[in-house]
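Data first, discussion second: the structure below is written as structure tokens.
Each reported figure results from applying straightforward, stated rules to the coordinates on display, with no laboratory input. Since this is a predicted model, take the numbers as computed values, not measurements. Neighbour counts are summed over all protein chains in view; Cβ atoms, including those assigned to glycine, are modelled from backbone coordinates with ideal geometry.
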Amino acid sequence: MTITFESNDPWQERLSEYLDGSLAESERQGFEDHLRGCESCRTALAGLRAVVERLHADQLDEIPDGAWPRIAARLDRAQIRSRRDARERVRRSTGALEAATLRRITTAASLTLTLVGGIWVGASLCLATSVWTPPKWIPFWPRGGHISVPKQRSTLSVPAYAGDSVLDAWTPLRRSIAALDQQLADAAFALRSQPNDKTLARVVVELTRERRNLQATLDSAVSSSRRARPMSPR
Amino acid sequence: MNRQSVPDPDARDVARAARGDTQAFERLYFSHAARVHTLARRIVGRDLADDGAQEVFVHAWEQLGKFRGEALFGTWLHRLAVNVLLRNAEMARRIAARVSPAFVEELEARPTDPDARMDIDSALARLGPGLREVVVLHDLEGYSHDEIGDTLAISVSASKMRLHRGRTLLREWLLQ
């Protein structure tokens, strides 16, 4: 932008500083001496003062109708993204732990898993047996009696679909959709300032199409997963 | 002003909203929406003000966990709003400039009817982003030149120069 000023008077460049009271005391006195004999500076100063007063008179806007529901509709998505970021921060902070600490944690976790796994396998074998006979090394068990245990139903398959708010097999797809949403919002924002731009419009169309495809893939995959899910125990 | 001596009227709602209470956040929205929307209109223009304000509140919702109460919530929100709006305006310009390099020049020196007497919104829009942001932050939002320098990553002298140029142009457009 080229800006030309009508006067070569160096004080013309300092008018705003004088108006804002930011000239040094000696400069202020010098300028006020100059001002008494300079009609051009007096006029320019009055004009700037009027501009500032007019800007200060600018009123606050009314809150636009219907704005809150649009914002509220975006908050859930934003919260999910925020939680994802929090998980990422935890993951990064874990990386800062010392290697020895990590080894200790890993070893402890392995031992715990082995122990729990052993108990689980043992319990499964016992439960899979319809009738359990007490071993002879238990001395005070009443002999001649048996304990009937209902046979366990097969529930080894864990449901693959566990809802939107937890990590599951479809999390990467959801993240891609969320990323696309962000890009779409950005592109749409840019398009508002350049509504006649065909390239930007094409970008928005392509992103929208890509988002629709991903959503369809997700819906189809989740639906298949639900159909294939084994029956839960009654 | 000593922050410790001023209780934050929004403190309870901020705490609830940070735990995911959207009703508390709605109350915060209606307390501050007018100011944020006005700021958006001044920085990105009337056409984009609704979208800009919406972006600000969605960002605020995401960032609430980082609010530590070191300033009043209104002050924190205003600072966040300035950053979000400036970033969005800059992003829109960059995308547009990639598509059409002449677009930024057009923004900087948009031809207008010299006889038309303008309102403040039109005059600010005509200023172009470099001058408009300084004028808005200084004369409308009360920022010092130091704060403007930090926010826009420019020197204090550059901020003073832009302010004076902006006011000079506004004087020509608004008062003639």
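Mind checking A:53-62 for the average number of partner chain beta-carbons within 10 Å of each residue's beta-carbon?
Working: counts 1, 8, 12, 3, 1, 10, 2, 8, 13, 4.
Mean inter-chain Cβ contacts per residue within 10 Å come to 6.
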Rounded to whole Å, sorted largest first: equivalent-ellipsoid semi-axes of segment A:7-51, Cα gyration tensor: 15, 13, 9
Based only on Cα atoms, what mean projected area does the convex hull of segment A:1-75 have, in nm²? 9.1 nm²
